[in-house]
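Below is one structure; the comments refer to it alone.
The values are calculated or read from the model by the stated rules, or taken from the named source; none is laboratory data. Everything numeric here is computed off the predicted structure, so don't read it as measured data. Positions of Cβ are generated from backbone atoms using ideal geometry, with glycine treated the same way; all protein chains shown enter the neighbour counts. In case anyone asks, the SASA skips ligands and DNA or RNA and just uses the protein heavy atoms, side chains included. Shrake-Rupley method; radii C 1.70, N 1.55, O 1.52, S 1.80 Å.
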Amino acid sequence: MDETTDPHGIDKVFCHLPWMHLCAHLDGVYSRCCVDTTGLNTELYLGSNRPTMTLPEDAVGCSPKSTFAADNPDLVMSPAEAFNSAAMRRTRLAMLAGDPVSACRTCYERERLTGDSYRLQMTRQDKPALGVEECRGRTEDDGTVAGFPSFLDLRLGNHCNLRCVMCGVPTSSSLVQRSDDTWLRNSLDPYTDDDTFWQCIEDNIQSIESMYFAGGEPLMLRAHQRLLQLFVDNGRAAEMDLTYATNLTLMPPAVLELWRSFRLVSLEASCDGVGPVFELVRAGGRWADFERNADLVKDQVQLSIHASPQRDNVFNLGEVIDWSLGRGLDVHISNVIREPAELSVRNLPPAEKERAHAYLDTLAGRLTTAGHKMPAADVRGVLRYLLAPPTLTDGLPSASV
Ligand SMILES: C[S@@+](CC[C@H](N)C(=O)[O-])C[C@H]1O[C@@H](n2cnc3c(N)ncnc32)[C@H](O)[C@@H]1O
Ligand code: SF4
């Protein structure tokens with residue numbers, strides 16, 4: 001739309017997610033989506049003393065077992081209450097008026113710098129996204145929307161068996177246990193014993209169509225298995241799509257069995273190298289386990305491979321791509337690591353950077369010649385990131401974490 005057909009600039013700020021989605025973070029914080037800045041509060045977990053855990057202004061809310069619950073009693077709520085919380089209602093009304101929402105600034109900023117964002121990616125999913133007028137029609141004067149989200153992003157805890165070099169506190173319980181720089185002592189598990197969460201899911205089970213899981217390691221989480229069982233027991237599984245970010249180093253047989261009941265299960269398996277490079281980056285993981293599990297599940301689920309390019313695997317990306325294509329699996333290497341800064345390929349010493357430039361250039365050429373357009377484009381994207389001036393994407397949180 002241009003200025004004449006879109007006088008309020010709604011297209012620049014509107015996102016359909018607040019009308020059909022909710023994200024539940026691993027520390028019990030609810031947010032508009034996974035890149036909503038009010039849901040990402042990593043810095044509060046650093047240091048040896050627990051600070052006052054004040055939720056950011058315009059935060060959606062938190063669950064009763066959240067690390068934020070005690071310090072934000074007015075914002076403790078169930079997922080259904082979160083979907084129509086004051087912040088969500090304000091967000092909808094602002095978007096319909098064409099006003100930007102501060103919590104959504106990561107998307108606006110990414111679009112300004114790169115032309116793409118989580119907001120825009122979500123409009124390119126299989127199903128057509130809800131349009132502005134449809135959302136306006138569903139919205140009451142105070143911003144309330146009837147019903148419950150059809151799409152949930154659930155990070156049900158931080159329990160994880162690995163200590164990946166680029167991951168951190170509080171995302172992986174194994175890293176938390178080894179860190180000298182956090183006041184956290186236990187794994188985060190804010191939903192398993194939260195009756196309001198389970199009652200709310202049960203009450204709204206007919207509305208939920210798809211769920212995205214991350215963590216921690218979602219396949220290890222107690223609440224995850226219980227949730228799948230709930231959908232099976234309520235006869236909903238056959239109409240449900242599940243997507244996972246997983247390290248795929250363990251594959252509980254009970255989960256594999258539960259998956260058989262669901263319409264579609266997609267695994268985005270994180271794989272940051274082949275053999276020793278995998279074991280260097282994904283510390284605590286064994287390449288043999290990953291390879292065995294990939295072969296075990298690849299005919300039962302929709303499996304794709306996701307590498308996050310960084311200092312320790314940049315010269316191994318070709319092997320990850322060849323390993324994946326050799327098994328007929330889609331491979332994505334677009335989630336470049338920006339933080340911690342010392343792992344960013346942009347901060348390689350000059351000679352290594354020059355070598356990485358030549359390596360990626362040759363790899364992109366080889367993939368293009370072989371007709372592998374998507375991985376070739378991803379490799380060119382890594383190259384652009386490597387060579388761009390530091391202001392291009394620095395300082396923006398990653399969409400998938
Ligand atoms: C935090 S993990 C959680 C899910 C699961 N444990 C896994 O490893 O896939 C989700 C994704 O974030 C990526 N990731 C970890 N640390 C990151 C960082 N510092 N920057 C960007 N992505 C990161 C991982 O490689 C993984 O693909
Ligand atoms: S497996 Fe995932 S959650 Fe665990 S340490 Fe690695 S990136 Fe973090």
Taking the stretch 113-142 and keeping residues loosely packed, with under 13 Cβ neighbours inside 10 Å and of a type in the set (Lys, Arg) leaves Arg124, Lys127
Within the stretch 221-247, the residues that are at pLDDT 95 or above, out of contact with any helix residue (DSSP H, G or I) (no Cβ under 7 Å at 6 or more places or on another chain), surrounded by fewer than 22 Cβ atoms within 10 Å (Cβ to Cβ) and more than 16 Å from Leu152 (Cα to Cα) are Asp233, Asn234, Gly235, Ala238
Checked against (1) within 28 Å of Ala146 (Cα to Cα); (2) open to solvent by less than 60 Å² (accessible area, probe 1.4 Å), Glu217 satisfies every condition except (1)
Selection over the stretch 1-36 where residues are at pLDDT 95 or above and either loosely packed, with under 15 Cβ neighbours inside 10 Å or over 20 Å from Gly143 (Cβ atoms) (or both) yields a count of 8
| said: Quick check on the stretch 174-184. Is at least one of its residues of a type outside the set (Val, Ile, Thr), over 30 Å from Leu343 (Cβ atoms) and either in contact with a Cys (Cβ under 6 Å, 6 or more places away or on another chain) or away from ligand 1 (no atom under 11 Å from the Cβ) (or both)? | reply: no
Note: among Ser187, Ser150, Ser210, Ser173, just one is at pLDDT below 95 and within 24 Å of the chain's Cα centre (by Cα), namely Ser187
Screening Leu343, Leu392 for residues that are under 18 Å from Asp312 (Cβ atoms) and either away from ligand 1 (no atom under 13 Å from the Cβ) or at pLDDT 95 or above (or both) leaves only Leu343
Those residues of the stretch 292-308 which are under 18 Å from the mean Cα position of the chain (by Cα), among the small types (Gly, Ala, Ser) and either open to solvent by 30 Å² or more (accessible area, probe 1.4 Å) or more than 13 Å from ligand 2 (Cβ to nearest atom) (or both) amount to Ser304
task = Look at Asp312 and say whether it is open to solvent by 30 Å² or more (accessible area, probe 1.4 Å) and touching a residue at least 24 places away in the same chain (Cβ under 8 Å).
result = yes
If you go through Ala351, Ala341, the only one that is within 25 Å of the chain's Cα centre (by Cα) and open to solvent by 20 Å² or more (accessible area, probe 1.4 Å) is Ala341
Cβ pairs under 7 Å, 6+ apart or interchain, first in the stretch 184-203 and touching a residue at least 60 places away in the same chain (Cβ under 8 Å), second assigned to a helix (DSSP H, G or I) and of a type in the set (Phe, Trp, Tyr), ordered by first then second residue, are Leu184/Tyr45; Tyr191/Phe197
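Matching residues to (1) more than 30 Å from Glu319 (Cα to Cα); (2) more than 16 Å from ligand 2 (Cβ to nearest atom):
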| residue | (1), (2) |
| --- | --- |
| Ile205 | yes, yes |
| Ile208 | yes, yes |
| Met220 | no, no |
| Leu242 | no, yes |
| Phe290 | no, no |
